[in-house]
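Step one of this worksheet: look at the structure below.
The values are calculated or read from the model by the stated rules, or taken from the named source; none is laboratory data. Here the structure is a predicted model, which means the values were calculated and not measured. So basically every Cβ, Gly included, is an ideal-geometry build from the backbone, and we count neighbours across all protein chains shown. Accessible surface is based on the protein model in full, side chains and every heavy atom, while ligands, DNA and RNA are left aside. Shrake-Rupley method; radii C 1.70, N 1.55, O 1.52, S 1.80 Å.
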Amino acid sequence: MSKPILLLNCGSSSVKYQVIDAESEAVMAIGLIQRIGEDEGTIDHSVGSEKYSQQRAFPDHRIALQQMAAMFAEYGPELKDVVAVGHRCVHGGERFRETTVIDESVIAAMQELIPLAPLHNPPGIAGIEAARAQLPDVKHVAIFDTAFFATLPPQAYTYAIDTDIAKRYGIRKYGFHGTSHSYVSKQAAAFLEKDYSQINQIVAHLGNGASISAIQGGVAVDTSMGLTPLAGLVMGTRSGDVDPGLHGFLAAQAQMSLAEVNTFLNNKSGMQGLSGVNDFRDLEKLIAAGDERAKLAMDVYVRRLLTYVGSYMAVLGGVDVLTFTAGVGENSPDVREKLVRALEPWGFILDPKANQERSKQPRRISTVDSPVTVLVVPTNEELAMARETLAAIS
């Protein structure tokens, strides 16, 4: 018997959605609503090979989800068959350490956490409230990006600042992309036919947003993102790690406000700031054409990756598997090659032919005799959300 689950990922001006049969894990429908709050938006709805699109205004998330329901009513599948709704929620703070069935107290707690994720939690809450109004008779479940990293030990999540201030405002490392890191690390263990609890893994989620994690015997013990998703690796438009004094320096020397500095570091830095592009396909074209800025951007990107892998090897006391995932991790042989070649003295031996192969399936890109196994495992956060939702309502 099928168990369709509706999955929602609500941003400030968009809603991504899927319906997945939690029994067969088949995708039944997929859609995207864009430009919520603007004069005109779009909704794209796909069922199998059939694609449907409409243009209209979506003043808010409530209207957007009403139109989503109308698309399901007209083109299928039937929303009345949905057994639960899973919501991607970015920040669960210290309270939400696992996937949680939503009630009024959960929504109230998420509202209290808005200062930790002012860009992400408000639209997430708006999507939850709109979806509960649209589908009031099924359970709604919150899947938190931060939950997988709730296992970090204090020495990993504690910042060296005044402890009273840190406790009062919830200042600590939380980590993000947890759903992806959890899914990919489990898929890696299954691919290798290894016990998840018996191997040490490093997972590099490399997309426009990027993070890396250290997973010791199935337990996350460190990750690169911190209080916010700005920390850690170099990203498409985010700087990743910089000197904390940069904020004060830019305020004093460039007369930038705090809001301007945050915009600068989140939207105008990273690969965009270094090279002028944030898409790695464009970056690689620039490098091939001899662009020195683009070459330096790639070198900075890989160097930051290298320092994190090296530190996580020490934290783990040795690593069995390094896995690449997400848009860049899955599709850039150049990034993978540069990193793995740099790690060769520590037992990472690349298979150049395997590294060049393109596939949507998990695959090994290290040689059969490589002391450390290197994999590429496509992430599937929606499937992971469906599994989490089914487990929560069961």
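Brief remarks on what is shown
- Of all residues in the stretch 93-116 being small (Gly, Ala, Ser) and free of Cβ contacts under 8 Å to residues at least 60 places away in the same chain, the one that is most open to solvent (accessible area, probe 1.4 Å): Ser105
- Any hit, the stretch 369-379, residues being modelled with pLDDT of 95 or more, over 25 Å from the mean Cα position of the chain (by Cα) and polar (S, T, N, Q): yes
- Considering the stretch 287-394, the qualifying helices (runs of 4 or more DSSP H), each wholly inside and each with 3 or more residues that are under 17 Å from Val203 (Cβ atoms), in contact (Cβ under 8 Å) with a residue 24 or more places away in the chain and of a type outside the set (Asp, Glu), run over 292-316, 326-331, 333-342.
- Ser24 vs. criteria open to solvent by 60 Å² or more (accessible area, probe 1.4 Å) and not basic (Lys, Arg): yes
Conditions (1) open to solvent by less than 10 Å² (accessible area, probe 1.4 Å); (2) closer than 19 Å to His91 by Cβ; (3) in contact with a strand residue (DSSP E or B) (Cβ under 7 Å, 6 or more places away or on another chain), marked per residue:
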site	(1), (2), (3)
Arg172	no, yes, no
His177	no, yes, yes
Ala188	yes, no, yes
Glu193	no, no, no
Tyr196	no, no, no
Ile199	no, no, yes
Gln216	no, no, yes
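- For the stretch 360-371, the tally of residues that are under 20 Å from Val184 (Cα atoms), open to solvent by 10 Å² or more (accessible area, probe 1.4 Å) and touching a strand residue (DSSP E or B) at 6+ places or on another chain (Cβ under 8 Å) stands at 3.
Residues are listed down the side, and each one gets a yes or a no for (1) open to solvent by 40 Å² or more (accessible area, probe 1.4 Å); (2) closer than 21 Å to Pro122 by Cα; (3) not in a strand (DSSP E or B):
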| residue | (1), (2), (3) |
| --- | --- |
| Ala29 | no, no, no |
| Leu32 | yes, yes, no |
| Ile36 | no, yes, yes |
| Asp44 | yes, no, no |
| Tyr52 | yes, no, no |
| Gln55 | yes, no, no |
| Pro59 | yes, yes, yes |
| Leu65 | no, yes, yes |
| Ala69 | no, no, yes |
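- Top-ranked residue of the stretch 238-254 - restricted to ones that are part of a loop (DSSP other than H, G, I, E, B) and of a type in the set (A, V, I, L, M), ranked as surrounded by the fewest Cβ atoms within 10 Å (Cβ to Cβ): Ala254
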